[in-house]
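The next block holds one structure in the form of structure tokens; read it before the comments.
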């Protein structure tokens, strides 16, 4: 019984919720599915339902689920939440994920994608569409590249010597400064690049074809 997934679907279009119920029942074992049509009814059933998973539409007739989401997450921190909505993925998906949910699934997704999302969701993962993954990857690349641009000339020089395997004292001698100064540069470099792992920094430099002196 410990492996039973107790799922609540909050959706005000019966045909949509029944379709989800059918897909879950036909493709996933040990799932019990309930449905309600509003946030008000959800708030009544959640406390006593021992639900493990919540599939929630953002646009319901009684309330804006986006506004209610932080309170749901705070009140039920162990509840896995998948947003299933016609709302714009580009506008809402990242906000949904940052709030602490387990994914954003567009209602425009085909059956294959819905099943992939449910598989990830019901096995404890975080679902992202390939489109969203691509957007997040490009954003990450831009952030990392811009981090290198924030390094000063001296910081770039020190980083280049560090990546060549030089120790702090040797770098200080080469640059005619005190070891404490090099230590300060290292701290600034790591803070700006968001890591103190030299292997990761080397990979990032190679990725962006950044040649350090």
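The values are calculated or read from the model by the stated rules, or taken from the named source; none is laboratory data. Source: prediction; values computed, not measured. Backbone-built Cβ (ideal geometry, glycine too); neighbour counts: all protein chains shown.
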Q.
Can you list residue pairs whose Cβ atoms sit under 8 Å apart, with the first residue in the range 187-207 being outside the structural domain of residue 150 (by TED's automatic domain parsing) and loosely packed, with under 15 Cβ neighbours inside 10 Å and the second being part of a loop (DSSP other than H, G, I, E, B) and modelled with pLDDT of 80 or more? Count only pairs 6 or more apart in sequence or on different chains.
A. none
Q) Taking helices (runs of 4 or more DSSP H) that do not extend beyond the range 36-140, which have at least 2 residues that are closer than 15 Å to residue 7 by Cβ and in contact with a strand residue (DSSP E or B) (Cβ under 8 Å, 6 or more places away or on another chain)? A) 39-49, 111-122
Q) Could you list, in sequence order, the residues of the range 14-31 that are touching a residue at least 24 places away in the same chain (Cβ under 8 Å), surrounded by fewer than 16 Cβ atoms within 10 Å (Cβ to Cβ) and closer than 22 Å to residue 85 by Cα? A) 23, 27
Q. Quick check: is even one residue across the range 59-79 touching a helix residue (DSSP H, G or I) at 6+ places or on another chain (Cβ under 8 Å), modelled with pLDDT of 95 or more, surrounded by 20 or more Cβ atoms within 10 Å (Cβ to Cβ) and within 16 Å of residue 9 (Cβ to Cβ)?
A. no
Q: Considering every residue within the range 96-115, establish whether at least one is over 30 Å from residue 136 (Cα atoms), out of contact with any helix residue (DSSP H, G or I) (no Cβ under 8 Å at 6 or more places or on another chain) and surrounded by fewer than 19 Cβ atoms within 10 Å (Cβ to Cβ).
A: no
Q) Residue check: is residue 83 surrounded by 16 or more Cβ atoms within 10 Å (Cβ to Cβ), without any contact (Cβ under 8 Å) to a residue 24 or more places away in the chain and either in the same structural domain as residue 193 (by TED's automatic domain parsing) or touching a helix residue (DSSP H, G or I) at 6+ places or on another chain (Cβ under 6 Å) (or both)? A) no
Q. Limited to the range 142-188, what total is found for residues that are under 30 Å from residue 94 (Cα atoms), modelled with pLDDT under 90 and touching a helix residue (DSSP H, G or I) at 6+ places or on another chain (Cβ under 8 Å)?
A. 5
